[in-house]
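Working notes for the structure below.
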Amino acid sequence: MARVYNFSAGPSMLPESVLEKAADQMLDYEGTGESVMEMSHRSKEFQAIIDKAEADLRELMEIPDNYKVLFLQGGASTQFAAIALNFMNKNHKADYIVTGNWSKKAMQEASRYGDVKVVASSADKNFSYVPDWDYNEFRDDADYLYFCMNETVHGNIIRDIPDVDVPIIADISSCFLSEPIDVSKFAMLYGGAQKNVAPAGLTICIIREDMLGNAADICPTMLNYETMAAKGSMYNTPPCWCIYIAGLVFQWLKKMGGLPEMQRRNQAKAKLLYDALDESKMFNATVRPKDRSMMNAPFVTDSDELNKKFIAGCTENGLINIKGHRSVGGMRASIYNAMPIEGVEKLVAYMKEFEKENTK
Ligand SMILES: *Cc1c(COP(=O)(O)O)cnc(C)c1O
């Protein structure tokens, strides 16, 4: 069996031991004689799966008791509207920091429902850095402040959480469980699971309880977080299989040593890659060093032809999906939790070999 190293931004690699366990339980989950895929979401077996997944996630992220954990469908993109419909209802105002295409999309979607202000942006340099913010731009009467912590396409990360009195909401799709995070600083954290947690189809929302109960009248029932919280994420059929795999990933993370250990591993992988990029005369990282994402590293050469040749060579060597997003061009290596350091070592070795072969 030849497994490839998949550098895709998502869906992305899952830990091999998780896939093996799922394969092992595929036809018969713990003596039930059925697969989790076939199981009633109202069965006691599935209830145990979702309860354990939630408990393990709470333990991993040290989620305080006054937060709800929701396992929803619709992807992170559905939350762009849901957030506005649930939370932009006191003063009908929200502030957005825009550092890449995901926060931009969230901002544009929210603009359909209220008074949205972009309080800081790095659009002027194609989101290749995190802007400083001017607190005078932030509105004290905003219903919330929103940002995307790790911009998956542009490859930057917001490390300094703004010090404001309004509720803070952050999209953590592509840095979910990659390092410890202080949940108590946020009113809501959320992310699509297909980057760092599980297969596509699951969105995890972590919401402080006092935020619930203010949804707009027009908020669809399926987007109402209060309803979903009251029903334990089972107002309708939840994404059962994804929740099960997420649960296996949480168990894997606990076994690995939790988020401090993942942070250590992720830092080592990112350092290896960025050091190689900084040493190279051919390849350049596109993001300012202090704002570089530990999960998604976009990089370029100064020639489209070389980019193409490098991407093709990577694929031949089992390093797949390294092509960058069209808005940045070049390459992007997404190195989530499940990417072993050997994958990054192999990529760096190939970069060096390619540079040597293609330098006159
Ligand atoms: C992938 C991604 C999204 C969109 O996720 P979907 O589940 O496809 O809607 C939103 N935000 C970030 C940061 C992402 O990486």
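The values are calculated or read from the model by the stated rules, or taken from the named source; none is laboratory data. Here the structure is a predicted model, which means the values were calculated and not measured. As a convention, Cβ positions derive from the backbone with ideal geometry for all residues, glycine included, and neighbour counts pool all protein chains shown. For the accessible areas, the whole protein counts, side chains as well, though only heavy atoms, and no ligand, DNA or RNA atoms are used. Shrake-Rupley method; radii C 1.70, N 1.55, O 1.52, S 1.80 Å.
Pop the C-beta distance of residue 278 and residue 132 into the FRET formula with R0 = 25 Å and round what comes out to the nearest 0.05. Can you show the working numbers first?
Values: r = 23 Å, r/R0 = 0.93.
According to the calculation, E is roughly 0.60.
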Proximal lysines relative to residue 90, as straight alpha-carbon distance under 24 Å, when same-chain residues fewer than 8 apart are discounted: 68, 104, 105, 117, 185
Counting DSSP beta bridges with both ends in the chain, the antiparallel % (nearest 5): 55
Inter-part distance where region 149-178 and region 23-98 are each reduced to a Cα centre, Å: 19
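Could you tell me whether region 108-160 comes out rounded, prolate or oblate from its Cα gyration tensor? Rule is a ≥ b ≥ c as square roots of the eigenvalues, rounded for a/c under 1.5, then prolate if a/b exceeds b/c, otherwise oblate.
Numbers: a/c = 1.94, a/b = 1.46, b/c = 1.33.
Prolate, since a/c reaches 1.5 and a/b exceeds b/c.
Subtract the Cα-Cα distance of residue 288 and residue 19 from 0.36 nm times their separation in residues, and report this length gain in nm to one decimal. Don't jump to the answer; show the numbers that get you there.
On the way: separation 269, 0.36 × 269 = 96.84 nm, distance 3.60 nm.
Residue separation times 0.36 nm, minus the Cα-Cα distance, leaves 93.2 nm.
Which percent of the accessible area of the chain is formed by carbon and sulfur heavy atoms (probe 1.4 angstrom)?
Numbers: 7680 of 16030 Å².
Looking at the chain in its full context, I get 48 percent from C and S.
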The chain shape via C-alpha gyration tensor axes, a/c threshold 1.5: oblate
In Hz, Karplus ³J(HN,Hα) per residue of region 177-188 (6.51, -1.76, 1.60; θ = phi - 60°; x = Gly, Pro): 6, 8, 6, x, 9, 8, 4, 5, 7, 10, 7, 7
Highest to lowest packing among 215-228, 144-157, scored as the average C-beta count within 10 Å: 144-157, 215-228
Three-way shape label, region 290-338, alpha-carbon gyration tensor, a/c 1.5: oblate
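Can you give the accessible area per residue of region 229-360, in Å², using a 1.4 Å probe? Walk me through the numbers on the way to the answer.
Working: 6310 Å² over 132 residues.
Per-residue accessible area for region 229-360 comes out at 48 Å².
Taking every DSSP beta bridge with both residues inside region 56-180, roughly what % is antiparallel (nearest 5)?
On the way: 2 of 14 bridges.
Looking only at bridges with both residues in region 56-180, the antiparallel portion is about 15 percent.
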Spin-label pair residue 40/residue 163, simplified geometry with 7 Å Cα→Cβ offset, distance in nm: 5.5
Region 71-122 - accessible surface per residue (Å², probe 1.4 Å): 35
Residues whose placed amide H lies under 5 Å from that of residue 119, excluding near-sequence neighbours: 96, 97, 98
Residues in region 173-217 that a label on residue 230 would reach, taking backbone N under 16 Å of a point 7 Å out along Cα→Cβ: 209-217
Packing-based ranking, highest mean first, of 113-125, 162-174 given that Cβ atoms within 10 Å are counted: 162-174, 113-125
